[in-house]
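Asker: This structure is in structure tokens; I'll ask about it shortly.
The values are calculated or read from the model by the stated rules, or taken from the named source; none is laboratory data. The model shown is predicted, which means the values in this text are computed figures rather than measured ones. Backbone-built Cβ (ideal geometry, glycine too); neighbour counts: all protein chains shown. For the accessible areas, the whole protein counts, side chains as well, though only heavy atoms, and no ligand, DNA or RNA atoms are used. Shrake-Rupley method; radii C 1.70, N 1.55, O 1.52, S 1.80 Å.
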Amino acid sequence: MYNKEIESLSIEELRSLQSERLQEMLQRQYNNVPFYKKQFDEAGIDIKKIKRIEDIHQLPFTKKTDLRDNYPYRLSAVPEEEFARIHASSGTTGKPTVVTYTKKDLDTFAEVVARSLYAAGARPGMKIHNAYGYGLFTGGLGVHIGAEKLGMAVIPVSGGMTERQLMILQDFKPDVITCTPSYAQTLAERCKQSGIDTAQLQVKYAVLGAEPWTEAVRQDIEKGLNVKASNIYGLSEIIGPGVSQEDVDEQGTGSYVWEDHFYPEIVDKDTKEPLPYGEEGVLVFTTLTKEAMPFCRYWTNDICTLNYDPNGKRTHVKMGKIKGRADDMLIIRGVNLFHTQVESVLTDFERLAPQYQLVVENNGRMDTVLVKVEKEEAFQKDYNALSDARKTELDEELGKKLVKKIKDNVGLTMKVEVVNFGDIPRSQGGKLSRILDLRKK
Ligand code: DLL
């Protein structure tokens with residue numbers, strides 16, 4: 001463990017620390033941010049009465065629209081002279097959401113990322129290939145400061161320019177790589193195409209996040225890059241990467257939320273009531289220590305579960321993989337659909353690669369989903385040598401199996417088109433959208 005004392009606090013100790021920190025945080029919000037003062041006053045909340053973290057459910061939520069309405073700095077709880085860093089996440093429309101940090105916030109950021117990298121297998125003295133974008137995005141610089149704090153050498157590659165990434169992977173000999181899972185897939189594929197034997201690379205661990213991914217993609221990357229891959233989660237509003245992290249020895253059991261800094265809740269997306277561990281809902285975070293931009297019950301819109309793992313190395317709660325964002329959920333003929341549900345189904349198809357796209361259309365009567373999925377590279381070579389009739393037969397056979405498996409697992413009948421290897425868009429360095437929605441808005 002990177003910070004054994006904190007990472008193995010007893011639950012009682014954690015709750016008591018969280019309660020103390022919650023009170024301080026509420027004071028900071030109430031005294032320094034007119035928006036929160038008004039919000040608490042209007043809701044008739046006396047923050048002095050919120051003494052225990054268990055009382056947090058009485059407090060109002062904060063949403064992304066509150067950040068937009070208070071653009072750029074009006075949710076900051078410190079004078080602008082105390083800002084030490086400003087990041088922003090690019091909104092798809094309009095202005096970005098701006099997040100501010102004090103010097104102490106940057107120390108916290110470095111601490112939680114250092115813990116995360118350690119849990120992912122990284123150790124002091126190792127080298128990390130950081131392919132997250134440097135700039136307003138929190139990924140690049142966030143991982144950077146955490147890796148330095150852990151005592152690693154950072155190779156600040158940033159995203160894109162894949163040829164150069166391959167050269168660095170071979171020549172600079174990083175032990176750890178960090179990027180989005182979709183870009184790790186791109187890198188694995190390009191290594192293969194360039195004849196790079198990944199067994200000869202020094203890289204052993206991949207720390208992947210910033211977008212949803214499933215076991216199907218994990219297997220693809222672990223095989224393709226010859227690494228152990230773990231999940232890193234975070235969002236700019238809460239700090240950036242390093243809000244939670246999967247331990248590389250506990251793969252598939254969820255990611256530890258660094259609860260001494262970020263208090264997680266799962267709430268029902270409609271009733272907004274808190275849900276018990278194990279139930280799926282919207283993830284909500286309260287920042288317990290942030291100075292420049294503290295958040296109370298921030299509605300992330302990410303859908304997942306929280307679970308306490310009695311066999312885990314740490315005492316902090318774990319969050320399951322993100323199924324998707326509530327605003328990215330498709331509603332197809334009354335059925336809720338996340339693209340990760342289709343991705344999960346792809347694990348058992350040896351001849352298919354987890355490179356896919358969901359094309360959503362409306363045929364005038366109803367919404368339809370076409371799953372375009374690629375053939376696996378090796379299978380593609382055998383396939384190319386076949387007669388046209390046999391090709392059609394194989395495509396149909398694979399398509400039929402997949403339609404059935406999707407129907408069984410997701411509850412929807414979708415059309416499937418098995419396309420050639422390389423036909424689906426790849427990540428060029430950052431987050432990749434797997435959905436092409438052609439319905440008229
Ligand atoms: O993506 C921070 C980050 C950088 C996390 C690098 C991990 C690694 P934003 O751009 O603000 O911040 O986007 C945050 O991305 O609400 C989720 O919807 C999604 N997301 C982040 N990590 C994961 C993950 C960064 N591991 C939004 N799994 C979040 C699934 C993720 N979704």
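Asker: Any idea what the alpha-carbon Rg over 2.2 N^0.38 Å comes to for segment 213-284? Before the final figure, lay out the partial values.
Answerer: On the way: Rg = 14.4 Å, N = 72, 2.2 N^0.38 = 11.2 Å.
My calculation over the Cα atoms of segment 213-284 gives 1.29.
Asker: Given labels modelled 7 Å from the Cα in the Cβ direction, how far is it in nm from residue 193 to residue 69?
Answerer: A separation of 4.7 nm, rounded to one decimal place.
Asker: With all protein chains present, calculate the accessible area of residue 369 using a 1.4 Å probe and round the result to the nearest 10 Å².
Answerer: Residue 369 exposes around 0 Å² with every protein chain in place.
Asker: Something else about it: Before anything else, pin down the relative contact order of the chain: Cα pairs under 8 Å, at least 6 apart, normalised by residue count, whole percent. Could you put the intermediate results ahead of the total?
Answerer: Working: 899 pairs, mean separation 64.2, N = 441.
For the chain, the relative contact order is 15 percent.
Asker: Roughly speaking, to the nearest percent, how much of the chain's 1.4 Å accessible area is carbon and sulfur?
Answerer: Values: 9380 of 19030 Å².
Answer for the chain is 49 percent, counting heavy atoms of protein chains only.
Asker: While we're here: Where the centroid of each part is defined by its Cα atoms, how far is segment 64-100 from segment 192-229 in Å?
Answerer: Taking the Cα centre of each part, segment 64-100 and segment 192-229 sit 34 Å apart.
Asker: Just by accessible area at a 1.4 angstrom probe, what is the order of 126, 366, 414 from largest to smallest?
Answerer: Details: 126 40, 366 75, 414 10 Å².
Greatest to least solvent exposure: 366, 126, 414.
Asker: Compute the accessible area per residue over segment 1-323, keeping the other protein chains in place, probe 1.4 Å, unit Å². Numbers along the way, then the final one.
Answerer: Numbers: 12680 Å² over 323 residues.
Per residue, segment 1-323 has 39 Å² of solvent-accessible surface.
Asker: Same structure, new question: Before anything else, pin down the relative contact order of segment 126-179: Cα pairs under 8 Å, at least 6 apart, normalised by residue count, whole percent.
Answerer: Working: 80 pairs, mean separation 28.7, N = 54.
Across segment 126-179, relative contact order equals 53 percent.
Asker: With a 1.4 Å probe and all protein chains in place, put 11, 331 in order of accessible area, largest first. Present the calculation step by step, with values, prior to reporting the outcome.
Answerer: Values: 11 50, 331 90 Å².
Highest to lowest solvent-accessible surface, that is 331, 11.
Asker: Roughly how many nanometres apart are two label points built 7 Å out from the Cα toward the Cβ at residue 171 and residue 249?
Answerer: Going by the 7 Å Cα→Cβ label model, 3.7 nm.
Asker: In addition: Calculated from DSSP H runs of 4 or more alone, at -39500 (n - 2.57) each and per residue, what is the 222 nm mean residue ellipticity of the chain, nearest 500?
Answerer: Working: 12 runs with 143 residues, N = 441.
Value at 222 nm, helices only: -10000 deg cm²/dmol.
Asker: Expressed as a whole number of Å, what is the distance separating the alpha-carbon centroids of segment 360-402 and segment 144-163?
Answerer: 39 Å
Asker: If Lys and Arg each add +1 and Asp and Glu each add -1, what is the summed charge of the other residues whose beta carbon sits under 14 Å from the beta carbon of residue 164?
Answerer: Overall, the nearby charge balance is -1.
Asker: Here is a follow-up. Hey, could you grab the Kirkwood Rh for the chain? Inverse mean 1/r over distinct alpha carbon pairs, Å, one decimal.
Answerer: Over the chain, the inverse of the mean reciprocal pair distance is 23.0 Å.
Asker: Rounded to the nearest 10 Å², what accessible area does residue 269 have for a 1.4 Å probe in the complete protein model?
Answerer: 80 Å²
Asker: Could you state how much accessible area residue 352 has, in square angstrom rounded to the nearest 10, with a 1.4 Å probe and all protein chains kept in place?
Answerer: The accessible area of residue 352 comes to roughly 10 Å².
Asker: Turning to a different aspect of this structure: Run the simple label-point estimate for residue 439 and residue 397 please: 7 Å along Cα→C-beta, distance reported in nm.
Answerer: Between residue 439 and residue 397, the label points sit 3.6 nm apart.
Asker: Out of every Cα-Cα pair in segment 330-437, what percent are more than 15 Å apart?
Answerer: The calculated P(r) of segment 330-437 puts 64 percent of pairs beyond 15 Å.
Asker: Sorted by accessible area (1.4 Å probe), largest first, how do 348, 46, 268 line up?
Answerer: 348, 46, 268
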